[in-house]
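The values are calculated or read from the model by the stated rules, or taken from the named source; none is laboratory data. Because the structure is predicted, anything quoted here is derived from the model rather than measured. Don't worry about glycine lacking a Cβ; one is built from the backbone with ideal geometry, like all the others, and counts go over all protein chains shown. Heavy atoms of the whole protein, side chains included, go into the accessibility calculation; ligands, DNA and RNA do not. Shrake-Rupley method; radii C 1.70, N 1.55, O 1.52, S 1.80 Å.
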Amino acid sequence: MRTSDFDYELPQELIAQRPAPVRDHSRLLVVSRSDGAVRHRRFYDLPEFLEPTDLLVLNDSRVFPARLLGRRVPSGGAVEVLLLSREPSGAWRTLVRPGRRMREGVRFEVTSEDASIRGEVIAVEADGSRIVELEGEEHVDALGVTPLPPYVHEPLDDPGRYQTVYARHRGSVAAPTAGLHFTPELLDRIRATGVEIAFVTLHVGWGSFRPVQSEDIGSHELHSEYYALSEEAAGAVNAARRDGRRIVVAGTTAVRLLEHAAAHCDDASRAVEPGSGWADLFITPGHRFRAVDALVTNFHLPRSTLLMLTCAFGGRDLILRAYREAVEARYRFYSFGDAMLIL
């Protein structure tokens, strides 16, 4: 398949610039793979589509203030550094602006009255990222800014709205946005129906949102992202699969984690293998899903790896038809937008 096979038309005004006033009042497009039916509901209706024996899997990664706004030293020119992931050496892989000024050896600083971070570009990578060494990294939380997607042009009044209510483990540079719709009350309602909930961790990095540049999707390299799958969560997934119960996964990040863990499981009695490490599984149509039966997800950018994964799960023709219907019905798209449930 080609990258252009995953394109669609989206009016700019449908790109959500702010979250819904109430998390679970966002809209929910329910898509059935069995008969192609599409229904229009609200996210708080989700429990109606869950079964008491279901297992719901959520990604509990927490976004950290990874965007650093500083000055080059000694010129004083403005610079922006987005921390992506830590390298084995302890340095950081980053995206920087302005790229043409941030050559190897360039130094910068981010300061306030009480704290400072100093950095140096030690390598320029072929993909455009920079490897940066930091001094004063303990001040990132004080000096950094929550990174919002580039298509969001309005400031966020409450940074907590770019975190899930169950965010726990610090490490993501972008939110696992399918989870933004859940409220504590909705989670309580889901549990009250008998649904079991398991938490997994995948820190969202550049791999999730890096654009696909080539028309040949097979030539796209998905950057690795750190994950942790506990014995408890893996046990819940394996028990559900063994008992023939549905595994409902919220978010493409959690899907990639589970399918990566499934691909590395050599034990025939298990669906997934617990552990931690780096996941780089690029899921495209033709993938055989081993640990996912239903998917809660947001609406994704055209030509993106996230849309490719969604099409792999739901079927390209059905998903793109559902996207066209969502556009016609004026759904809100992307990180702060509405949601889709694929059954």
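General observations
- Every condition in (1) part of a loop (DSSP other than H, G, I, E, B); (2) open to solvent by 30 Å² or more (accessible area, probe 1.4 Å); (3) among the aromatic types (Phe, Trp, Tyr) is met by Tyr166 except one, and the failing one is (2).
- Pairs are defined by a Cβ separation below 8 Å, a sequence spacing of at least 6 or placement on different chains, a first member in region 4-33 that is free of Cβ contacts under 8 Å to residues at least 24 places away in the same chain, and a second member that is outside any loop (DSSP other than H, G, I, E, B) and surrounded by 12 or more Cβ atoms within 10 Å (Cβ to Cβ); the pairs so defined are His25/Arg42; His25/Phe43; His25/Tyr44.
- In the condition set (1) under 17 Å from Gly77 (Cβ atoms); (2) crowded, with 19+ Cβ neighbours inside 10 Å; (3) at pLDDT below 95, Ser129 is compliant with all but (1).
- For region 173-185, the criterion of being open to solvent by 30 Å² or more (accessible area, probe 1.4 Å), farther than 22 Å from His287 by Cβ and in a helix (DSSP H, G or I) is satisfied by at least one residue.
- When region 317-343 is filtered for residues that are in a helix (DSSP H, G or I) and open to solvent by less than 10 Å² (accessible area, probe 1.4 Å), the ones remaining, listed by number, are Ile319, Ala322, Tyr323, Ala326.
- Of all residues in region 261-273, exactly one satisfies the criterion of being modelled with pLDDT of 95 or more and not small (Gly, Ala, Ser), namely Val272.
- Of the numbered criteria (1) assigned to a strand (DSSP E or B); (2) of a type in the set (Val, Ile, Thr); (3) under 26 Å from Leu222 (Cβ atoms), the one Val152 fails is (1).
- Strands (runs of 3 or more DSSP E) wholly inside region 1-95 containing at least 2 residues that are modelled with pLDDT of 95 or more, open to solvent by 50 Å² or more (accessible area, probe 1.4 Å) and not acidic (Asp, Glu): 38-42, 67-73
- Residue within region 292-307 that is without any contact (Cβ under 8 Å) to a residue 12 or more places away in the chain and over 22 Å from His220 (Cβ atoms) present: no
- Every residue from region 186-196 that is assigned to a loop (DSSP other than H, G, I, E, B) and crowded, with 17+ Cβ neighbours inside 10 Å: Val195
- Scanning region 323-332 for residues that are within 12 Å of Glu9 (Cα to Cα) and in contact (Cβ under 8 Å) with a residue 60 or more places away in the chain turns up Tyr323, Arg324, Glu325, Ala326, Val327.
- From Pro176, Pro211, residue being farther than 27 Å from Arg23 by Cβ and of a type outside the set (A, V, I, L, M): Pro211
- Taking region 99-126 as the range and being assigned to a loop (DSSP other than H, G, I, E, B) and open to solvent by less than 70 Å² (accessible area, probe 1.4 Å) as the test, the residues that pass are Met102, Gly105, Val106, Ser112, Ala115, Glu125.
- Any hit, region 218-238, residues being in contact (Cβ under 8 Å) with a residue 24 or more places away in the chain, touching a Lys or Arg at 6+ places or on another chain (Cβ under 7 Å) and among the hydrophobic types (A, V, I, L, M, F, W, C): no
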